[in-house]
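Taken together, the values in this text are just the output of simple stated rules run on the coordinates, not laboratory data. Keep in mind the model is a prediction, meaning the values are calculated, not measured. Cβ coordinates were reconstructed from backbone atoms using ideal geometry, including for glycine residues, and neighbour counts include every protein chain displayed.
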Amino acid sequence: MLHSEPSLGEGIFSRFPMHPLICLNAAIACLLLFTSPIARADTPPKKISLSDFPAAAVEEVVVPVPSEIFAVLDKLGNPNWKGQLRDGKTRTPEDRARIALLLGNVIAEGFVAVEAEDAERVKELGRQVLTLADGINVRKSVIARSKSITDKADQRDWRGVRAEFDGALQDVRGAMQELNDQDLSQLVSLGGWLRGTEVLTSIVDGGFSKDGTELLHQPELVNYFDRCIGSMGGRLRKNPLVASIRDVLRKIGPIVSEGGDKITPEQVKSIHDLTHGVNQQIVEGNTGN
Amino acid sequence: MNFFPSLCLNFGSRKLKNRFALVALALAAWSPCLVHATVDDALSFAYEAALPYYKQGFSIRKDAWGGDLGVREKKAVSSQLFKGNNYWFLMATDLKGATLSVHIYDDNGNLVDAESWQKGRFAGARVSPKATGTFFAIVQILKSPEDRTPWALVYGYK
């Protein structure tokens, strides 16, 4: 096993008679081992200065997949997930940015349906993923996922369905990046995050668990999404829906920069209202502009 | 994707049959979005390092991070981690004779490894965040026969 503890020196000195020369050799070996660069470097510093890392030496923040958050929620209790489910079927919009956002939104909704153990809704959402993927030319990448979602929902294999929704998100993003649609790929992640945050704040606001507030402490992630929009092409950046989302991110940013335990119920409600509003725009296409 | 043929070369031994299974995992989990072709082989080794944790119930992320570094050069990979989850970060290189390390720090620069190990071309670190927030996986090449060493990093959670 790679991760097992190394058994350095185990039994060596107790099994063999100790010739003085062997002792000397062993001592030299130990000295070499514990003064070698490898041994020294394997004891990491207890504290480092992150400012020693220039921007080029820092990879952009790793966006969590929905199931990372739902894995925590599983441990916190059992809220009314059915009450969080969104009604209705979405139509595929013409605006590609909105399709990408809606696709992420629908995938996140899939996780809610899994938590609610609503097999029919899960299957419906699986089909919507396929339809929306078709709208941005990445249908092929999720055909198998869509089928697996249906099969696993029929078997009530909820863990399996979650894995398929996670996989669908990754596959769609991967396919978009292969098509050099990096910006749209980011919008898929953003759409998922917005719907996930809306649901999370609704649960926390409903008194499900104070520990849930902790999950909102995501300052770098919010800044990252803001930077992503900032680096998008002019046309996409000026898309009314995308601009509206950036506005929301900039309002949420200062709130989630607080430590999780410092976020007040009013702030949770505020994040909920902001994300709910923008998610409605994603679903209904009304940006109010 | 070039790691599949390279890992099939010595398929005769039991060890490499295991490797084949690992490749299946890697293929299932591989995502092209953030990984360059030069680190494909390193990535297959990173998934190899992740396999024992996968068997322990950790979900291994399909995204991976990688590149190449000089000896003693460090890189930080920032991650949003959640209190309540356990995470394993696994790093590897395909370069024989190279050794590397990965350790996790919080956003104040404090070491937060719950445990870590380093074995040749593989390294791993586990973290159980005490608070939700941004964390940094600091990756480093400790020793290498080459100027630049390809590396890949994956992580799993449960």
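Tabulated results
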read-out: Projected-area mean, the range B:66-134, by convex hull of Cα positions, square nanometres; value: 4.7
read-out: Residues listed by number, the range A:190-207, amide nitrogen under 17 Å from A:Trp158 label point at 7 Å toward C-beta; value: A:200, A:203
read-out: Selection from A:Gly135, A:Leu103, A:Ile69, by position along the positive dipole direction of the range A:68-177 (Cβ); value: A:Gly135
read-out: Shielding of A:64-71 by partner chains, average beta-carbon count, 10 Å; value: 5
read-out: Amide H within-cut-off set for B:Val102, under 5 Å, with H built and near neighbours excluded; value: B:Gly124
read-out: Protection-proxy order for peptides B:66-76, A:226-236, each taking the mean of Cβ atoms within 10 Å per residue, highest first; value: B:66-76, A:226-236
read-out: All lysines inside 16 Å of B:Lys119 as judged from Cα atoms, apart from same-chain residues fewer than 8 positions distant; value: B:Lys96, B:Lys143
read-out: Separation between Cα centres of the range B:72-97 and the range A:104-149, rounded to whole Å; value: 30
read-out: Taking all pairs of distinct alpha-carbon atoms in the range A:131-210, Kirkwood radius in angstrom; value: 14.0
read-out: Relative packing of A:71-83, A:145-157, which averages over residues the other C-beta atoms within 10 Å, highest first; value: A:145-157, A:71-83
read-out: Where only alpha carbons of the range A:167-249 are counted, the Rg and the Dmax (Å); value: 14.5, 43
read-out: Residue-averaged beta-carbon neighbours from other chains (10 angstrom radius) around A:43-51; value: 6
read-out: Ratio Rg/Rh, restricted to the range A:87-184 and using Cα atoms, in which Rh is the Kirkwood radius; value: 0.96
read-out: Radius 12 Å from Cβ of A:Val122, net charge of other residues (Lys, Arg +1; Asp, Glu -1); value: -4
read-out: Shielding by other protein chains, A:161-170, mean Cβ within 10 Å; value: 2
read-out: Å³ per residue enclosed by the Cα convex hull of the range A:141-289; value: 129
read-out: Value of Rg/Rh across the range A:214-277 [Cα atoms, Kirkwood radius]; value: 1.02
